[in-house]
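As structure tokens, the structure follows; a few thoughts come after it.
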Amino acid sequence: MQTVQTVEELKSWVREVKNSGQTIGLVPTMGFLHEGHLSLVEKAKLENDKVLMSIFVNPAQFGPNEDFDRYPRDMERDQQLAASAGTDVIFAPSVAEMYPRESQISISVGAQANVLCGAKRPGHFDGVLKVVTKLFHLSEADRAYFGKKDAQQLAIIESLVEDYNFPLVIRRGETVREADGLAKSSRNVYLSEAERREAPHLHRALQLGKNLVLEGKNPLPEMDAYLNKHVSGKIDYIELHDYPTLTKEIEEEAILALAVQFEKARLIDNVIINLKGN
Ligand code: PAF
């Protein structure tokens with residue numbers, strides 16, 4: 001496995017792969033890899049000739065008081081994990097390489113960013129689209145892989161691709177969980193021991209809520225009471241929307257999602273509920 005740090009090196013690898021008629025699967029990440037990322041690599045491996053992973057902690061998607069500086073980073077460990085999952089090339093640019101000048105054009109997400117994390121983190125998804133747009137163009141990927149754990153991000157990226165005819169297919173990966181149900185996340189390392197013991201209650205609250213939705217009930221008050229009883233963190237939101245439109249008119253699928261702010265970690269999780277029962 002090779003690691004490249006410059007756009008020129010990446011482009012020359014992409015040219016070689018494309019000239020030989022092979023396909024590229026892109027797995028965009030911010031590093032500090034866990035099984036969720038590796039499962040995306042495995043899926044990409046099955047569906048493409050080559051797998052490209054990007055590792056870039058993207059400053060454009062962090063707010064001024066968020067954790068950009070202390071976001072966990074460990075390139076050596078990431079290289080080992082990425083290689084063991086079958087990644088062919090890692091693209092790990094510096095901020096200056098990725099953003100050599102102040103952008104003259106900004107991307108602005110519409111109503112899909114007005115709920116859930118988008119409502120709490122203004123500009124976050126504009127920053128995500130800024131980096132994925134560049135990655136899609138640079139990688140000339142045939143398919144790009146994103147996890148359902150970041151379901152709002154996934155829905156917004158699908159809209160970008162559809163609205164602007166990006167020539168690639170977005171593939172969804174299942175959320176990978178610890179044995180006790182906690183969704184794998186790079187930010188789980190911020191949890192204290194006591195918070196780590198509480199964290200599986202996020203998934204349990206979602207399961208409770210899912211059953212209520214399937215019974216035609218409003219799940220939010222019971223979930224709120226459950227979480228207040230079982231976790232010390234502050235509930236940031238618990239919301240129910242249509243998926244993937246994220247509107248209030250729920251049709252076939254709904255997303256029930258929550259965010260809890262612990263002392264150093266803000267955890268998110270969700271469940272997508274099929275209301276047609278198939
Ligand atoms: O999901 C993430 O890790 C990031 O938001 C992404 C898609 C790599 C863009 O920086």
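For the residue pair Ile272 and Glu35, what label-to-label distance in nm results when each label sits 7 Å from Cα along the Cα-to-beta-carbon direction?
It works out to 2.1 nm between the two label points.
Hey, for a label at Asp224 modelled as a point 7 Å past Cα toward Cβ, could you say which residues of segment 201-218 have their backbone N under 18 Å away?
In segment 201-218, the label zone of Asp224 (backbone N under 18 Å from the point 7 Å along Cα→Cβ) covers 202, 205-210, 212-213, 217-218.
Straight-line reach from Lys120: which lysines have Cα under 21 Å away, leaving out those fewer than 8 places along the same chain?
Result set, ordered by chain and number: Lys130, Lys148, Lys149, Lys234, Lys248, Lys264.
Counting only protein heavy atoms and using a 1.4 Å probe, what share of the accessible area of segment 80-166 belongs to carbon plus sulfur, as a whole percent?
Answer for segment 80-166 is 46 percent, counting heavy atoms of protein chains only.
Counting only other residues whose beta carbon sits under 15 Å from that of Asp180, what net charge do I get with K and R as +1, D and E as -1?
Summing Lys and Arg as +1 and Asp and Glu as -1 gives -1.
Which lysines have a Cα lying under 17 Å from the Cα of Lys134, excluding residues fewer than 8 positions away in the same chain?
Lys11
Would you compute, from DSSP H runs of 4+ residues alone, the mean residue ellipticity of the chain at 222 nm, taking -39500 (n - 2.57) per run and dividing by the full residue count, rounded to the nearest 500?
For the chain, the value works out to -11500 deg cm²/dmol.
So what is the accessible area of segment 155-278 per residue, in Å², with the probe set to 1.4 Å?
52 Å²
Could you pull out the trypsin sites (Lys or Arg not before Pro) across segment 23-96 that fall in loop regions by DSSP (anything but H, G, I, E, B) with no more than 12 other Cβ atoms inside 10 Å?
Arg70
The values are calculated or read from the model by the stated rules, or taken from the named source; none is laboratory data. Please read these numbers as outputs of a predicted model, since none were measured by experiment. All Cβ positions, glycine included, derive from the backbone under ideal geometry; neighbour counts span all protein chains shown. Note: areas computed on protein heavy atoms with side chains; ligands, DNA, RNA excluded. Shrake-Rupley method; radii C 1.70, N 1.55, O 1.52, S 1.80 Å.
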